[in-house]
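S.K.: Provided herewith is a single structure, encoded as structure tokens, for subsequent inquiry.
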């Protein structure tokens with residue numbers, strides 16, 4: 001059972017968002033005032049409705065967004081960022097800013113590129129080798 005959203009720390013929420021594709025993009029659309037999930041799906045054709053609903057449920061669970069009945073029909077649902085959601089978006093924007101700074105030229109004028117690292121399990125032997133080299 002998941003603890004109440006107010007007991008889940010910002011670091012845990014950030015990690016959860018970052019490891020799930022589309023979460024940050026959905027948050028940014030909501031921040032831009034696009035509150036209808038079908039409109040977000042139109043703007044992001046690779047985002048499946050199933051993934052969208054899972055991400056929205058996750059964000060609701062962490063109190064990043066709230067759910068409202070649509071103004072025109074009871075069947076239409078709108079989502080809006082909460083105060084916590086706006087703060088989380090600031091964290092994500094700061095991470096983007098760090099990435100941009102890191103990808104710019106360094107002091108020697110050399111171009112640097114960022115590398116995405118995937119989490120993999122490291123064998124105990126590999127850990128020992130890593131610790132010895134450091």
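S.K.: Run the quick spin-label model on residue 46 and residue 104: label points 7 Å from Cα toward the beta carbon, then report their separation in nm to one decimal.
M.R.: Spacing of the two 7 Å Cα→Cβ label points: 2.7 nm.
S.K.: Points 7 angstrom from Cα along the Cβ direction at residue 80 and residue 67: gap in nanometres?
M.R.: 1.7 nm
S.K.: Provide 76, 26, 34 in ascending order of the number of other Cβ atoms located within 10 Å of each residue's Cβ, fewest first.
M.R.: 76, 34, 26
S.K.: Binning at 10 Å from 0, report for the range 5-105 what percent of all alpha-carbon pair distances ends up in each bin.
M.R.: 14, 47, 30, 8, 1, 0
S.K.: Now a separate question. Compute the FRET efficiency between residue 36 and residue 95 as 1/(1 + (r/R0)^6), taking r as their Cβ-Cβ distance and R0 = 22 Å, and round to the nearest 0.05. All intermediate terms of the calculation are to be shown ahead of the outcome.
M.R.: Values: r = 27 Å, r/R0 = 1.22.
After rounding to 0.05, the efficiency reads 0.25.
Rule-based calculations on the coordinates, nothing more; no lab input. Remember, it's a predicted structure, so these values are computed and weren't measured experimentally. Every residue, glycine among them, receives a Cβ derived from its backbone with ideal geometry; neighbour counts consider all protein chains shown.
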